[in-house]
Amino acid sequence: MKISVLQENLHKALGRVGRNISAKPQLPALLNILIETIDGRLCITSTNLDTTERVFIGAKIEEEGAVCIPARTLIDLVSSLKQGNIEIVSEKEKIIIKASGVKATLPGTLVDEFPKTASPAGQKEIRLEKESVLDALNLVVFSAAGDTSRPLLSGVKVSAEEGLMTFAATDGYRLCVKTITVDKDVHFSNVIPARVFSEVVKIAQEEKDEKDIVISLSSDGQALFRIGDTELLSRAIDGEYPVYQKIIPKNHTSTAVFDTEELLSAVRSASIFARDNANIIKLHVEKNASSVSSNSPQAGEGTIDVAAEVDGEGGDIAYNSRFLVDYLSHISSDRVVFEMTGSLNPGVFRIPEDDSYLSVIMPVRVQG
Amino acid sequence: MDLNKTWKAVLAELELSVSKATFQTHFGQTSLISLENGVATIGFPNPLMRGLVENRYYSLVKSVLDHNTKQNTSLVFIVMPKKQVLLDRDAGPLFSQENQNSGNQTLDILRRLHVRPESTFDNFAVSTTNQMAYAAATAVAKNIGSAYNPLFFYGGVGVGKTHLMHAVANTLILKKHNAKIVYCMGEEFLNEIVEAIQTKTSAQFKKKYRSAELLMVDDVQFIAGKQTAQEEFFHTFNAVLREGGQVILTSDRPPGEISKLEDRLRSRFEGGLIVDISPPNFELRVAIVNIKSLAAGLTIPSDASQMIAANITDTRAIEGFIKKLRAATNDGKEAITIDLVTTTVGTKGKTAGIIQKPTKRVSGTDVLEAVGSYFDIKTATLKGTKRDRPIARPRQVVMYLCKTELGLTLEDIGGLLGGRDHTTVIHGVDTITTELSTNQQLREAVSGIKIRLWAQ
């Protein structure tokens, strides 16, 4: 293989695929990055077996081929180079990298050792508007389970029917559901790992000029996301996602409308006193007397008044402050509507005059 | 051949050939999906693993598999991700408490009021024996306090008095969450008065009962003969009615027959609607069996449910029997067949052998002949005048069977047995009934005769 590529292009591509390399991979070969020539372009690939990320960049190709280079060395080397042309030449097992005034020789790994990662071919592609998908993912992905002990909950349930695409994520304590409009002929129902979506969000934010996200599904359960020249290939989680619709409370006895910023800062302040007490804070809802409070024997106690328009009898409800902070810091609305029924039933957070997004959070049962 | 076993053996051998890490990564999540005509299909969690193993270990896997199966196999590698299963109770507190959201609030209220949420009009089977009571109860549920007040149900055990009463309460709660409903047993009412007097909380007691929108007293006959209780009940009754509240009472007999019931109470009870609920007939019992089995999540074929209804007359016993069936079928996982029902009914001790096909007609003469042939006695002897025990006992069995199974009148039975007096027949039936519960031999004899009689 013999190619020339611009440092800035290669640097950006390596930075992106580098995120996908796990620190302790299952196979030594996964510590490498695969660079190959495909259809006159350079394809840079990394994989951790679960997720494969590929970035296509333009390059001057003098001789086709593929090389497998230790990721860490390559990324560090390229980032230290000045902008301009980089030449990559493979000579038997060695890879020679030349740039202005720099010549490096790296030991290559056998390309065959690297898992074959062909994109699923011939699948129907779904083209979605990037901005709205990004918006939905931002509002939903954070509430998926972080650990993989319950694999289904570590994913985001995406379903599209009759022009509406719904994203739902829950870790069993809170649930976020966001609906966006899509083309009528889009049909979709899969659980996609939240990690993959986090990466999709990062890529989508970096690719400012791209308008679309393309999704295609293969018959063997692989989902491919394409944003511009970057592809993310991952397995969909196979299984029945819990029926989250049934846990969304149908009615409530009280509502309170808060200023988002004010409530967030009140929760943050109150949580100072909750550090030793499993982050439990108490939300007190009462006409003209709503507050957020917390206490623990070590840290003392604090009560922060918050302004709220309360309708109904109100009451006390205890929450893990982390869940409230997560939710409140992800929404962009100035105001937030909180609906509750007693201190033990899940409370619902909504955006005023917006039915497309809601969050259900399970309160903490506290003694006394 | 057991695929799992084979694959385990193969894996064990592979584990020896490669390093531990390699084995874990490459083969940890694999499975042997099929092995037919020398083609082994092996499943992998993702395409990357499949590719890796196919490239590197095809020959190794093949040789190990060939060695294990003693045939020349070719391998097919496919991607077969493990299907994830997540039960609601494992999904976290949001999901495990799901029913709290909709019906739960109502459930809580019902529990607090001691109203049984499962007793509703929907699962009450109606037939000629309880049609009137059902109509009255639904009318009262629609117009609390104005339709029939008080509503008085009486009847034997397990006829559905309490069920109807609770159904009214359930309907009211659904309409009005904060309805004031007071439900108690006659005896509880009594105890509460005693307690109120002892602890000097009569005011609270009065407030609780007299402010009720719906006052339901089960087995009201228990307050009869207790002077203070009757007096307090009288005032409560008047107060509730005056405020437009509804009173529903149940008893085992009509107010006129409750002894030691004060006249003023009796006249008030009789001022409303008094409805008699008779024991359920066969058709109604079949319907009850079906409703109860549905609630227990069992599917009982119609011949089996008829068999149950024919053998068990008490509704509570039916409920118990269905619980027993549920246990016998491993929580409903196994199918319920008529044979299973037959054997389960058969192990019920007292009802042992009261097995009958509800269809076949049997006459008194048939019984006479069957008993005669069972005990090896001529029918003429049974009809005759001899009263030796070896003859008298079978004669009583005839009386018992004719009475309990055929429902013949005492006179008819007496006539059948050579013109015996009806009191003799009563004595015979009673003797056998009592003896059946203790005498195993007699039970066997009776069930043996019944099998002969009703065997097809």
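The values are calculated or read from the model by the stated rules, or taken from the named source; none is laboratory data. Owing to the predicted nature of the structure, the values given are computational and were not obtained by experimental measurement. Glycine gets a Cβ as well: all are built from the backbone with ideal geometry, and neighbour counts include every protein chain shown.
Kindly provide the set of residues from the range B:290-307 that are farther than 12 Å from B:I336 by Cα and of a type in the set (V, I, T), ordered by number.
Across the range B:290-307, the qualifying residue is only B:I291.
Consider A:A144 carefully, then state whether it is buried (at least 19 other Cβ atoms within 10 Å of the Cβ), more than 14 Å from chain B (Cβ to nearest Cβ), within 22 Å of the chain's Cα centre (by Cα) and under 30 Å from A:H330 (Cα atoms). Break it down stepwise before answering.
On the way: buried (at least 19 other Cβ atoms within 10 Å of the Cβ): yes; more than 14 Å from chain B (Cβ to nearest Cβ): no; within 22 Å of the chain's Cα centre (by Cα): yes; under 30 Å from A:H330 (Cα atoms): yes.
Criteria not met by A:A144.
Would you check if there is a residue in the range A:360-367 being within 22 Å of A:L137 (Cβ to Cβ), surrounded by 15 or more Cβ atoms within 10 Å (Cβ to Cβ), under 23 Å from the mean Cα position of the chain (by Cα) and more than 14 Å from chain B (Cβ to nearest Cβ)?
Residues of the range A:360-367 that are within 22 Å of A:L137 (Cβ to Cβ), as a first pass: A:360-361.
Subsequent filtering for residues that are surrounded by 15 or more Cβ atoms within 10 Å (Cβ to Cβ) retains A:360-361.
Add one more test, that the residue is under 23 Å from the mean Cα position of the chain (by Cα), and what stays is A:360-361.
Next, only the ones that are more than 14 Å from chain B (Cβ to nearest Cβ) stay: none.
No, every residue in the range A:360-367 fails to be within 22 Å of A:L137 (Cβ to Cβ), surrounded by 15 or more Cβ atoms within 10 Å (Cβ to Cβ), under 23 Å from the mean Cα position of the chain (by Cα) and more than 14 Å from chain B (Cβ to nearest Cβ).
Of all the strands (runs of 3 or more DSSP E) wholly in the range A:64-178, which have at least 2 residues that are within 28 Å of B:N46 (Cα to Cα) and out of contact with any Lys or Arg (no Cβ under 7 Å at 6 or more places or on another chain)?
Output list reads A:66-70, A:125-129, A:155-161, A:164-170.
Being at pLDDT below 90, under 17 Å from the mean Cα position of the chain (by Cα) and surrounded by 17 or more Cβ atoms within 10 Å (Cβ to Cβ) is the filter here; which residues of the range A:13-47 pass it?
Within the range A:13-47, no residue meets the criteria.
What single numbered condition from (1) of a type in the set (S, T, N, Q); (2) in contact with a Phe, Trp or Tyr (Cβ under 9 Å, 6 or more places away or on another chain); (3) within 14 Å of another protein chain (Cβ to nearest Cβ) fails to hold for B:T138?
(3)
In the range A:319-329, is there at least one residue being of a type in the set (K, R), away from chain B (no Cβ under 14 Å) and buried (at least 20 other Cβ atoms within 10 Å of the Cβ)? Before the answer, list the steps.
First, pick out the residues of the range A:319-329 that are of a type in the set (K, R): A:322.
Now restrict to residues that are away from chain B (no Cβ under 14 Å): A:322.
Add one more test, that the residue is buried (at least 20 other Cβ atoms within 10 Å of the Cβ), and what stays is none.
Checked the range A:319-329: no residue is of a type in the set (K, R), away from chain B (no Cβ under 14 Å) and buried (at least 20 other Cβ atoms within 10 Å of the Cβ).
Name the single residue, out of those in the range B:343-370 being β-branched (V, I, T), over 17 Å from the mean Cα position of the chain (by Cα) and assigned to a helix (DSSP H, G or I), that is modelled with the lowest pLDDT.
Looking at the filtered set, the residue picked out is B:T343.
Does the range B:11-39 hold any residues that are within 14 Å of another protein chain (Cβ to nearest Cβ), exposed (fewer than 14 other Cβ atoms within 10 Å of the Cβ) and within 20 Å of B:V79 (Cα to Cα), and which are they?
B:Q24, B:G28
Can you run down the residue pairs with Cβ atoms below 7 Å, 6 or more apart or on separate chains, where the first is in the range A:333-353 and free of Cβ contacts under 8 Å to residues at least 40 places away in the same chain and the partner is of a type in the set (A, V, I, L, M) and not in a strand (DSSP E or B)?
A:I351/A:I331
Would you confirm whether any residue within the range A:197-218 is assigned to a strand (DSSP E or B), surrounded by fewer than 22 Cβ atoms within 10 Å (Cβ to Cβ), on the phi < 0 side of the Ramachandran plot and within 14 Å of another protein chain (Cβ to nearest Cβ)?
yes
Yes or no: B:T128 more than 10 Å from every other protein chain (Cβ to nearest Cβ), modelled with pLDDT of 75 or more, out of contact with any helix residue (DSSP H, G or I) (no Cβ under 7 Å at 6 or more places or on another chain) and in a loop (DSSP other than H, G, I, E, B)?
yes
Taking only the range A:228-277 into account, find how many residues are of a type outside the set (S, T, N, Q), part of a loop (DSSP other than H, G, I, E, B) and within 14 Å of another protein chain (Cβ to nearest Cβ).
10
May I ask you to say which residue of A:Y357, A:Y327 is assigned to a helix (DSSP H, G or I) and closer than 21 Å to A:K250 by Cβ?
It is A:Y327.
For the range B:1-22, give me the residue count where each residue is without any contact (Cβ under 8 Å) to a residue 24 or more places away in the chain, among the acidic types (D, E) and in a helix (DSSP H, G or I).
Step one: of the range B:1-22, the residues without any contact (Cβ under 8 Å) to a residue 24 or more places away in the chain are B:2, B:5, B:8, B:11-12, B:15-16, B:19-22.
The next check asks that each one be among the acidic types (D, E); those that pass are B:2, B:15.
Now restrict to residues that are in a helix (DSSP H, G or I): B:15.
The qualifying residues number 1.
Which of the residues that make up the range B:224-278 are crowded, with 22+ Cβ neighbours inside 10 Å and among the charged types (D, E, K, R)?
Across the range B:224-278, the qualifying residue is only B:E232.
Just a yes or no: is a residue in the range A:332-340 in contact with a strand residue (DSSP E or B) (Cβ under 6 Å, 6 or more places away or on another chain), crowded, with 16+ Cβ neighbours inside 10 Å and within 14 Å of chain B (Cβ to nearest Cβ)?
Looking for residues that are in contact with a strand residue (DSSP E or B) (Cβ under 6 Å, 6 or more places away or on another chain), crowded, with 16+ Cβ neighbours inside 10 Å and within 14 Å of chain B (Cβ to nearest Cβ), one finds at least one in the range A:332-340, hence yes.
Tally the residues that are facing another protein chain (nearest Cβ under 9 Å) and in a helix (DSSP H, G or I), restricting the search to the range B:68-91.
Taking the range B:68-91 as the starting set, the residues that turn out to be facing another protein chain (nearest Cβ under 9 Å) are B:78-88, B:90-91.
Next cut, in a helix (DSSP H, G or I) only: B:88, B:90.
The number of residues fulfilling the criteria is 2.
Yes/no matrix, rows are residues, columns are (1) surrounded by fewer than 20 Cβ atoms within 10 Å (Cβ to Cβ); (2) out of contact with any Lys or Arg (no Cβ under 7 Å at 6 or more places or on another chain); (3) in contact (Cβ under 8 Å) with a residue 24 or more places away in the chain; (4) not in a helix (DSSP H, G or I):
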| site | (1), (2), (3), (4) |
| --- | --- |
| B:L382 | no, no, yes, no |
| B:K386 | yes, yes, no, yes |
| B:P390 | yes, yes, no, no |
| B:Y400 | no, yes, yes, no |
| B:D412 | yes, yes, yes, no |
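On the basis of being touching a residue at least 24 places away in the same chain (Cβ under 8 Å), outside any strand (DSSP E or B) and crowded, with 22+ Cβ neighbours inside 10 Å, does A:V186 make the cut? Lay out the reasoning, then the answer.
Numbers: touching a residue at least 24 places away in the same chain (Cβ under 8 Å): yes; outside any strand (DSSP E or B): yes; crowded, with 22+ Cβ neighbours inside 10 Å: no.
No: the conditions fail for A:V186.
Given the criterion within 11 Å of chain B (Cβ to nearest Cβ), closer than 17 Å to A:I331 by Cβ, of a type in the set (A, V, I, L, M, F, W, C) and crowded, with 17+ Cβ neighbours inside 10 Å, identify the matching residue among A:L139, A:L175.
Of A:L139, A:L175, the one residue that is within 11 Å of chain B (Cβ to nearest Cβ), closer than 17 Å to A:I331 by Cβ, of a type in the set (A, V, I, L, M, F, W, C) and crowded, with 17+ Cβ neighbours inside 10 Å is A:L175.
Pick from the range A:261-294 the residues that are surrounded by fewer than 24 Cβ atoms within 10 Å (Cβ to Cβ), more than 13 Å from A:F338 (Cβ to Cβ) and among the polar types (S, T, N, Q): which of them is modelled with the lowest pLDDT?
The qualifying residue modelled with the lowest pLDDT is A:N277.
Quick one: count up the residues across the range B:41-67 that are among the acidic types (D, E) and within 14 Å of another protein chain (Cβ to nearest Cβ).
1
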